[in-house]
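Please treat every number below as a calculation from the coordinates, not as lab data. On a predicted model such as this, the values are computed, not experimentally measured, just so you know. Cβ coordinates were reconstructed from backbone atoms using ideal geometry, including for glycine residues, and neighbour counts include every protein chain displayed.
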Amino acid sequence: MNDIDHALRSATIAAAALLGASQVHAVDCTGLPTQSQLKAALVAAVATEASGLDFQMWGTVVNRNGEVCAVAYSGADRGAQWPGSRVISAQKANTANAFGLDGLALSTANLFSAVQPGGSLFGLQHSNPVDPSVAYGGNSSNNGTATDFMVGKKIGGVNVFGGGLGLYDASRKIIGAVGVSGDTSCADHMIAWRVRNNLVLDYVNNGPAKLFANDPAHPDNIIFDIAPNPTGGTGISQTGFGHPVCFQSVSGAGLPPVR
């Protein structure tokens, strides 16, 4: 290859790179919280909720496309929470968004029983895997800040225990979801609920708790109705949307009602 060919090839590669960069769409986080707003809502929720281990938490918000809009933590620094809970919080947000509709909100807590062996959604937890290049890319010192590497990217993942909730605006449309992680799965749900309430994005129409557990004020609330299975193995949920009781579980009836 002579110098002219090399120069032409280099120019072509550079032009292609610029074209690709120009075609990257801006992530639309309209109506969703900024990183500072998410952090403030998370810190307040952790301070209020006392049903778990009183651990610090990670929180992630995704838009309706499953793109991460914000990541935050409640503690003094990124080491004050379980490091592994950062990705789990994003996974929960992705799940609540991916399986939420305007007319039916499904919290990640609502999915536990259905994905057990013999359940109607068995195997769901293995679909839509987390993208490891997004989850673990970038500089770790930026984790939980406005420049967290996950921001602006699709994280993927499906999680089937408490901590993920759809976000519904005043028009009662789902616009994304929030996921939190860092405590027991039951406390994660309670804290996520308070985060959503703090963000004023809880205009929820319907959900399993309203339909099957006589809880219209908390449509997508956690449901503790799993009874022992007489044949052994996983317990049986009366509604089909039950979640296991954690060591210090309290009724979700004490949570703020949805708007």
Local electrostatic count at SER74 - Lys and Arg +1, Asp and Glu -1, tallied over other residues with Cβ under 14 Å: -1
Two-site FRET efficiency, ASN139 against TYR203, from Cβ-Cβ distance with R₀ of 45 Å, rounded to 0.05: 0.75
Computed FRET value (nearest 0.05) for ALA217 with SER36, which takes r as the C-beta separation and R₀ as 51 Å: 0.95
Over the chain: helical MRE at 222 nm, DSSP H runs n ≥ 4 each giving -39500 (n - 2.57), nearest 500: -8500 deg cm²/dmol
Local net charge near ALA177, Cβ-Cβ under 14 Å (Lys/Arg +1, Asp/Glu -1): -1
Estimated distance in nm for a label pair at PHE247 and ASP131, the labels positioned 7 Å out from Cα along Cα-to-Cβ: 3.7 nm
Label assignment, mean projected area of the Cα convex hull in nm² derived from the structure, set (i) 17.8; (ii) 15.1; (iii) 16.7: (iii)
FRET efficiency, ALA227 to THR48 (Cβ-Cβ, R0 22 Å, nearest 0.05): 0.10
Relative contact order (%) - criterion: Cα under 8 Å, at least six apart; region: the chain: 22 percent
Per-residue Cβ neighbour rank within 10 angstrom, fewest leading, LYS92, LYS154, LYS210, LYS173: LYS173, LYS154, LYS210, LYS92
Hits among aspartates and glutamates - C-alpha to C-alpha of LYS154 under 15 Å, sequence gap 8 or more where chains match: ASP28, GLU67, ASP131
Whole-Å distance, taken between Cα centres, linking the stretch 162-183 and the stretch 23-57: 10 Å
Global form of the stretch 121-233, assessed from the alpha-carbon gyration tensor, a/c cut-off 1.5: oblate
Rounded to 10°, Cα long-axis angle of helix 3-22 versus longest principal axis of the chain: 30 degrees
